[in-house]
Amino acid sequence: MEKSEKSVYVLPDHKAERQRTKSETLASYDLFKLSDSAASIGAGKKYYIRTYGCQANVRDGESMAGMLELMGFQRTFETDQADVLVFNTCAVRKAAEDHVLGEIGSLKPLKRNHPEKLFCLCGCMAQEETVVKEILRKYENIDVIFGTHNIYRLPDLIYKAMATGKRQVEVFSQEGQVIEGLPVRRTSPVKGFVNIMYGCDKFCTYCIVPYTRGRQRSRKAKDIIAEINALKESGAREVVLLGQNVNAYGKDIGMADGFASLLEECAGTGIERIRFYTSHPRDYTVSTIDVMARHENIMNSLHLPVQSGSDEILRRMARGYTADHYRELVDEMRARIPDITFTTDLIVGFPGETDEQFQDTLRLVDDCRFDMAYSFVYSPREGTPAASMQDEVDPRKKKDRLHILNERLAFHAAKKNSCYLGKTLKVLCEGKSKKNPDAYSGYSEENKLVNFSCPHDPTGEILDVTITSTHSFSLDGEAL
Ligand code: SAH
Ligand code: SF4
Ligand code: F3S
């Protein structure tokens, strides 16, 4: 079987990925069509999808699952049972990439023993020029590579790879239109992810996402609302609106303050719970806070990444706000919505970060008293401006700072959670608890993970749970 036919490869191009067009975002409703040949190729066969990274990837994985099932494939969670294996990857930090490459590497023997199995790589790593070149060189077990902008091409690429036995590589460096009408196989019947926008125009200097996901493209409100209504009809009780910077929603389709008006419309659907990820402090508007305060079905929890508490580091990250602006935003929201909870993302060891600047971050953490936070050691990403900044922080120092920061975050998280002892929270049960097979788990309105006992299986129900003990990252309770 001749595997390399380089002339047909469409490879990602980093330079093209940085370009931004100013034209208004258009939507395409009929780009996805299943050809007759692709429609029958999966009969009697199974697929396996492994998704890494953020919820944008999870939602993409659900569309891929939808397409694979239209092609007749059935899902399996075992790699050795699968005829098609899809690795939906994340590129945000080196550790994320190493994890993916390690897993794919460990599956080389599976491919060697079963050459008929088809291995596909997609997601953000597929958009990285040097990574794709390395994969083509070193991972002969990968048969199909496609990018984040052309997941609708999955059926054809799989069909071609199966029919010809030849490697298929098709990654677009430019995003094109918003693609509507892809099938979807949802992971959860209870909680549905809904993209409101794709891509990101913020270009924080450390971040690879604007390159791997392309320029910001907002979906039309009518398409978003239609998806929420469909979810509601199918029995979902919560929707999670997704975008890298939801507060900038609509800017590319001629809307001023688009997120506030979209949120209002979403609340009007009557779905019981609405959440949204991720918010950017710079684009947060007063009207968005107003809408949140007015609607009971918009959950009072906010993920608001701050990244650093040092103005100088924030400036060099190109975040577009100061630490005090962030503190004021948090204070203002707490004043308007008293029971609101806050989570954040933080990076330690950004190039040139001094001990004093790290102390600024700890001070901000103390001032904001986050309910929970994701903390990361800075990881240089090729082609981003920060990757060529001088003064790399000593790796040992980075690790020490992460440790100190995590202790501080856990302290505040435990303290915040202890306030819920004896209180009754409304929990949307998502199923059995991962930690304890005799308990159930779900999230409260405040976005607290609650493990609880209940005499019947309450999956899919929103129920009152009284908190009996509290930990740093979860609460335990009993259903009433
Ligand atoms: N769009 C979201 C976050 C996307 S990436 C936002 O702007 O908030 C999720 C988190 O990964 C970021 O908030 C940041 O804390 C972290 N991150 C991104 N690039 C990173 C890098 N190069 N090194 C370490 N952490 C990074
Ligand atoms: Fe990355 Fe910044 Fe965009 Fe978030 S807002 S995806 S951190 S560039
Ligand atoms: Fe990772 Fe891409 Fe999301 S880099 S965090 S999967 S947008």
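The values are calculated or read from the model by the stated rules, or taken from the named source; none is laboratory data. These numbers come from a predicted model, not from an experiment. Virtual Cβ from ideal backbone geometry, glycine too; neighbours counted across all protein chains shown.
Numbers for the structure displayed
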item: The stretch 151-177 - residue that is at pLDDT below 95 and closer than 29 Å to E265 by Cα and, of those, nearest to ligand 2 (Cβ to nearest atom); result: E175
item: Extreme residue, surrounded by the fewest Cβ atoms within 10 Å (Cβ to Cβ), among residues of the stretch 136-192 that are in a loop (DSSP other than H, G, I, E, B) and of a type in the set (K, R); result: K166
item: All positions within the stretch 102-119 that are touching a Phe, Trp or Tyr at 6+ places or on another chain (Cβ under 8 Å) and without any contact (Cβ under 8 Å) to a residue 40 or more places away in the chain; result: I104, G105, L107, K108, K111, F119
item: Sole residue being aromatic (F, W, Y) and more than 16 Å from ligand 2 (Cβ to nearest atom), chosen from F350, F376, F342; result: F342
item: Enumeration of residues in the stretch 407-419 that are surrounded by 15 or more Cβ atoms within 10 Å (Cβ to Cβ), out of contact with any Ser or Thr (no Cβ under 6 Å at 6 or more places or on another chain) and not aliphatic (A, V, I, L, M); result: R408, H412, K416
item: From I228, I208, I196, residue being of a type in the set (A, V, I, L, M), in contact (Cβ under 8 Å) with a residue 12 or more places away in the chain, over 24 Å from S301 (Cβ atoms) and surrounded by 21 or more Cβ atoms within 10 Å (Cβ to Cβ); result: I208
item: The listed residue being part of a helix (DSSP H, G or I), farther than 30 Å from T130 by Cα and at pLDDT 95 or above, out of L314, L409; result: L409
item: So T288, is it closer than 19 Å to Y374 by Cβ, touching a helix residue (DSSP H, G or I) at 6+ places or on another chain (Cβ under 9 Å) and buried (at least 19 other Cβ atoms within 10 Å of the Cβ); result: no
item: The one condition in (1) part of a loop (DSSP other than H, G, I, E, B); (2) surrounded by 15 or more Cβ atoms within 10 Å (Cβ to Cβ); (3) touching a residue at least 60 places away in the same chain (Cβ under 8 Å); (4) not acidic (D, E) that P458 fails to fulfil; result: (3)
item: Lone qualifier among G66, G102 - being under 24 Å from the mean Cα position of the chain (by Cα), in a helix (DSSP H, G or I) and surrounded by fewer than 13 Cβ atoms within 10 Å (Cβ to Cβ); result: G102
item: Restricting the stretch 87-99 to residues that are more than 9 Å from ligand 1 (Cβ to nearest atom) and charged (D, E, K, R), the residue that is surrounded by the most Cβ atoms within 10 Å (Cβ to Cβ); result: E97
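Listed here are the residues, each with its yes/no results for (1) more than 18 Å from the chain's Cα centre (by Cα); (2) within 16 Å of ligand 3 (Cβ to nearest atom).
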{"site": "H149", "(1), (2)": "no, yes"}
{"site": "R153", "(1), (2)": "yes, no"}
{"site": "L157", "(1), (2)": "yes, no"}
{"site": "T164", "(1), (2)": "yes, no"}
{"site": "E170", "(1), (2)": "yes, no"}
{"site": "R185", "(1), (2)": "no, no"}
{"site": "F193", "(1), (2)": "no, yes"}
{"site": "C204", "(1), (2)": "no, yes"}
{"site": "P210", "(1), (2)": "no, yes"}
